[in-house]
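These notes concern the structure reproduced below.
The values are calculated or read from the model by the stated rules, or taken from the named source; none is laboratory data. Computed from a prediction, not measured in an experiment: that's the story for all the values here. Every residue, glycine among them, receives a Cβ derived from its backbone with ideal geometry; neighbour counts consider all protein chains shown. Ligands, DNA and RNA are stripped out before the accessible areas are found, and what is left, the full protein with its side chains, is counted by its heavy atoms. Shrake-Rupley method; radii C 1.70, N 1.55, O 1.52, S 1.80 Å.
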Amino acid sequence: MLEYTNDVKVFLIFVIFEKKSTLNQLFMNFSKIRFILVFLITCNFQVYAQSSDKSIAGISLDRLEHYEEFISQEIKQDNIPGAAVLIVRNGKIVLQESYGHRDIEDQSLMKTDDIFFIQSMTKPIITAAFMMLFEEGHFMLTDYVSKYLPEFKNLRVIKNMNDSITGETKALEKEITIAHLLTHTAGLTHGLGNSQFELGYRKEYFMQEWPDIKSRAIQASKLPLVDQPGNIWYYSVAPDIIATLIEKFSGMSTNHFLESRIFKPLNMTDTGYNLSKEQQARVVKVTNKNDKGNLINSDYQPPTKKNTIWSGVNGLFSTTSDYMTFCQMIMNNGQWNGTQLLSRKTIELMTQNHVGDKYPAEGVGFGYGFAVMLDVSKTDLLGSNGNIWWGGAFNTHFFIDPKETLLSLFLPRSDAPTSALPSHSFLSSSFFCLPPHTLTPAPLSPPPPSYTTESSLG
């Protein structure tokens with residue numbers, strides 16, 4: 001059951017897009033959605049009150065119609081098969097609705113409690129879990145990773161990214177710290193690009209059979225880094241190493257740790273790496289476009305059972321309601337329903353910029369698990385300094401605006417670019433807006449299923 005405190009404003013939306021998104025398409029799509037969101041929220045409640053009662057918690061219902069029209073047009077134009085939307089502000093549900101289809105083959109309708117494969121939106125949850133262990137004194141953020149995983153002691157750095165993974169390398173100048181892992185500044189990669197190095201990395205990391213998350217994470221120590229630790233922000237598989245450290249410090253599997261320390265306290269009953277038979281029936285199908293440009297169910301669908309890789313990179317399934325609760329816990333300075341999961345100071349630490357100007361988007365930084373808006377004027381988008389967000393490969397996204405006490409979750413599954421930028425502006429300025437992401441381009445051709453299963457663009 002959804003419960004919201006009166007000091008929180010939330011927007012949550014799951015939309016299904018195709019699976020084969022490039023990073024540029026992925027974040028272009030979401031930047032449109034964010035722009036609509038901000039427009040809806042930033043309109044002052046008092047202004048509405050003077051002219052009309054058609055508002056809830058300061059959100060204009062008239063303007064929300066523009067947003068619903070935006071979603072309808074995206075479905076009509078075959079850009080997305082459907083969407084589930086949840087908007088909450090000041091403890092009030094402003095809009096909770098579903099649109100289109102969960103499965104475009106059997107035409108089953110989307111429902112508000114449907115389950116999405118959230119890909120890299122797993123990363124913030126893993127980060128929050130890891131920071132619980134930080135609070136318990138298991139490690140310092142300045143500790144070298146090799147202190148706990150000796151395999152990461154003597155790494156090498158590739159000299160030329162156009163070479164293969166067996167190309168010429170140079171010695172490590174400084175070791176990777178835990179803080180480097182949390183901020184994607186360790187010199188690791190995600191293997192998303194088209195260079196020979198990235199293609200080789202992807203094959204050796206994601207396209208192999210691994211018995212557990214530690215085995216896969218340790219593989220990163222056998223492959224060259226893209227740069228010296230601390231030099232650049234580079235999206236990476238670092239959260240898998242974090243998941244491995246969770247197991248080392250807690251003595252539990254990452255799956256069990258998440259279940260006992262986050263999912264159970266937050267009553268996130270529809271979130272996990274594996275799903276029950278009843279839950280499997282509510283999973284939204286991943287889609288892509290065929291040669292004729294029509295949306296179809298993808299040949300690849302994420303496995304919903306017998307998963308054993310408790311990945312930090314990706315892997316979780318969730319619903320709008322569940323992920324909203326997680327976001328609200330972050331918004332509430334680590335507290336939810338009387339339980340303090342993380343301290344206020346830890347949340348402050350996680351949501352500050354730790355990478356200087358290394359993040360590859362103007363006016364944006366990166367904290368621990370989240371991108372952070374530093375200067376709205378440099379992004380040319382609506383929003384607030386201090387906004388935090390992230391997203392996933394199937395176009396899933398969320399953001400949190402502490403200044404507006406506003407949360408938003410957007411979980412789509414398509415690489416078809418959304419087209420209604422004007423409609424998006426309505427939503428952004430009335431609700432909230434996430435800044436754009438400019439990351440290393442993802443492969444333009446569809447990745448093999450074995451890669452897609454374990455990979456994530458977000």
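Taken over region 154-171, the criterion of being in contact with a Leu (Cβ under 8 Å, 6 or more places away or on another chain) and open to solvent by 40 Å² or more (accessible area, probe 1.4 Å) is satisfied by ASN154, ARG156. Number of residues in region 138-153 that are without any contact (Cβ under 8 Å) to a residue 40 or more places away in the chain and open to solvent by 60 Å² or more (accessible area, probe 1.4 Å) equals 6. Scanning for something of a type in the set (A, V, I, L, M, F, W, C) and open to solvent by 10 Å² or more (accessible area, probe 1.4 Å), does region 377-400 turn up at least one residue? Taking every residue of region 377-400 in turn, at least one turns out to be of a type in the set (A, V, I, L, M, F, W, C) and open to solvent by 10 Å² or more (accessible area, probe 1.4 Å). Being touching an Asp or Glu at 6+ places or on another chain (Cβ under 9 Å), at pLDDT below 80, assigned to a loop (DSSP other than H, G, I, E, B) and open to solvent by 10 Å² or more (accessible area, probe 1.4 Å) holds for only one residue in PRO447, PRO443, and it is PRO443.
Every condition in (1) in contact with a helix residue (DSSP H, G or I) (Cβ under 8 Å, 6 or more places away or on another chain); (2) part of a strand (DSSP E or B); (3) modelled with pLDDT of 90 or more is met by ALA361 except one, and the failing one is (2). Just one of the numbered conditions (1) under 29 Å from LYS92 (Cβ atoms); (2) at pLDDT 95 or above; (3) not acidic (Asp, Glu) is not true of SER311: (1).
Checking the condition more than 30 Å from GLY312 (Cβ to Cβ), open to solvent by less than 60 Å² (accessible area, probe 1.4 Å) and without any contact (Cβ under 8 Å) to a residue 60 or more places away in the chain, which residue from TYR67, TYR99 passes? The unique qualifying residue is TYR99.
Okay, residues lined up against (1) without any contact (Cβ under 8 Å) to a residue 12 or more places away in the chain; (2) part of a helix (DSSP H, G or I); (3) surrounded by fewer than 22 Cβ atoms within 10 Å (Cβ to Cβ):
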residue: PRO229; (1), (2), (3): no, no, no
residue: SER236; (1), (2), (3): no, no, no
residue: ILE242; (1), (2), (3): no, yes, no
residue: PHE249; (1), (2), (3): no, yes, yes
residue: PHE257; (1), (2), (3): no, yes, no
residue: ARG261; (1), (2), (3): no, yes, yes
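For region 263-292, the tally of residues that are loosely packed, with under 15 Cβ neighbours inside 10 Å, not in a loop (DSSP other than H, G, I, E, B) and not basic (Lys, Arg) stands at 2. Counting the residues of region 235-257 that are out of contact with any Phe, Trp or Tyr (no Cβ under 8 Å at 6 or more places or on another chain) and under 24 Å from LEU275 (Cβ atoms) gives 6. Checked against the criteria, SER195 does not count as at pLDDT below 95, closer than 22 Å to ILE330 by Cα and open to solvent by less than 60 Å² (accessible area, probe 1.4 Å).
Cβ-Cβ distances below 6 Å connect the following pairs, each with a first residue in region 316-327 that is closer than 23 Å to ASP240 by Cβ and of a type in the set (Ser, Thr, Tyr), a second residue that is modelled with pLDDT under 95 and open to solvent by less than 10 Å² (accessible area, probe 1.4 Å), and a separation of six or more residues or different chains: SER318/ILE118; TYR323/LEU409. For region 203-217, the tally of residues that are open to solvent by 20 Å² or more (accessible area, probe 1.4 Å) and either of a type outside the set (S, T, N, Q) or closer than 21 Å to PHE370 by Cα (or both) stands at 8. Given the structure, is TYR323 under 28 Å from ARG216 (Cα atoms) and at pLDDT below 95? Yes. Please verify whether region 172-186 includes one or more residues that are surrounded by fewer than 16 Cβ atoms within 10 Å (Cβ to Cβ) and part of a strand (DSSP E or B). No; the residues of region 172-186 include none that is surrounded by fewer than 16 Cβ atoms within 10 Å (Cβ to Cβ) and part of a strand (DSSP E or B). Candidates are the residues of region 74-91 that are assigned to a helix (DSSP H, G or I) and touching a strand residue (DSSP E or B) at 6+ places or on another chain (Cβ under 9 Å); the one that is surrounded by the most Cβ atoms within 10 Å (Cβ to Cβ) is GLU74.
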